[in-house]
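Take a look at the structure set out below.
All of the numbers you see were taken from the coordinates with simple rules; none came from a lab. Owing to the predicted nature of the structure, the values given are computational and were not obtained by experimental measurement. Note that each Cβ is placed from the backbone with ideal geometry, even for glycine, and that neighbours are counted across all protein chains shown.
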Amino acid sequence: MLVRVNPGAQLSDAEQEFVECLRSYPSTALAMVDLQVGGRQIDAVIWTPRGLTVLEVRGFRRRQSGILNISGAGPWRISDADADLDEQAGSPSDRLEHGIFAVKSALEKGLLDPGHVCGAVLLVPFRGAVVRPSRTNLRPGLDVVVGNVSDATELRIYLEGFSAGPRKWTADRVIGDCTALGLADGVPPRQELVDAGFEQVAQESPSVIPRPPKPKVEPTPGPPTKRQSYAGWVVAAVAVVGMIAVVGVIANSLAHESSHPVSPTTSVTSPPRPPAPSRTTPCFPFQTDC
């Protein structure tokens, strides 16, 4: 990450801790620290290839650990005690919103598109102190992030992901923004920005977002037509006629079998025997049967 601090800036302990964090990140970004925009003091403006964010850096006057509770009306608290933050005029959220407005107005006066300018209040506790949650939300686009050198993961995650848009902030656009904010003398050369990871040509978002295919819906059968009804009746009639014909054939077969019964026993007729040969009987005198 490229970090540029305004020459002659008198940084607080929290701001020096913040600059040390930024210089340790390998992310593609340019951080301009301690700048004046539109007569307003701004702690830092950071550009990434996807946008820019304004940071309000606040440290603690004593070591505090606990649960961070943010209230829009009352003081911020760490567990049961008020957050003992560095003395500055105005609440951190109010100063942040004023800084965002000043940056956006300056870019618009320079006829530049500021896009969606995000912002965050960075709370820098003493090293070894633990404040949770490490990130919370004031409202959409405005966050509160806790981080120092020994606990800088959440700050890095915020800086790398505060904007999810396409990579439209090229090296030339970053230089144009810095010029509109009165930072032309401190902005790095174009080639240094390109070497740091900024694009030379803006990445355009697709004009048409492809829609997912619609789920296939099986057609629901509608009421049958007259032709389908007639066909159904014809099929039913043919089936009934076929059944009647089958029953008739079966009944006719049964009737035919009952009119011609089969004898359980079969008689065998033996062929006729030939007559026995006649014998001549001798007759006696006066024999009556002779």
Test of understanding: what is the full-extension gain from S24 to I157, defined as 0.36 nm times their sequence separation minus their Cα-Cα distance? 46.5 nm
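For the stretch 36-120, what relative contact order do you get, as a whole percent, if you take Cα pairs closer than 8 Å and at least 6 residues apart? Walk me through the numbers on the way to the answer.
On the way: 103 pairs, mean separation 28.9, N = 85.
Worked out over the stretch 36-120, it gives 34 percent.
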Largest to smallest principal axis extent of the C-alpha atoms in the stretch 2-196, angstrom: 49, 35, 31
Based on the Cβ-Cβ distance of D80 and E108, what FRET efficiency does E = 1/(1 + (r/R0)^6) give at R0 = 45 Å, to the nearest 0.05? 0.55
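Ranked highest first by average number of other Cβ atoms within 10 Å, how do 183-194, 62-73, 25-36 line up?
Values: 183-194: 15.0, 62-73: 13.0, 25-36: 19.5.
Highest mean packing first, the order is 25-36, 183-194, 62-73.
Using the reciprocal of the averaged 1/r over all distinct C-alpha pairs, how large is the Kirkwood radius of the stretch 15-94 in Å?
Values: mean 1/r = 0.0683 Å⁻¹.
The Cα-based Kirkwood calculation yields 14.6 Å.
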Given 118-129, 153-164, 44-55, the highest-first ranking by average Cβ count within 10 Å works out to 44-55, 118-129, 153-164
Within 10 Å, count the other beta carbons around each residue, average over each peptide in 236-243, 174-181, 100-107, and list them highest first. 174-181, 100-107, 236-243
Which far-off residues, 5 or more places away or on another chain, put their amide H under 5 Å from the one on V3, with H placed in the peptide plane? A31
How far is it, in nm, from the label point at D13 to the one at R62 when both lie 7 Å from their Cα along the line to the Cβ? 1.3
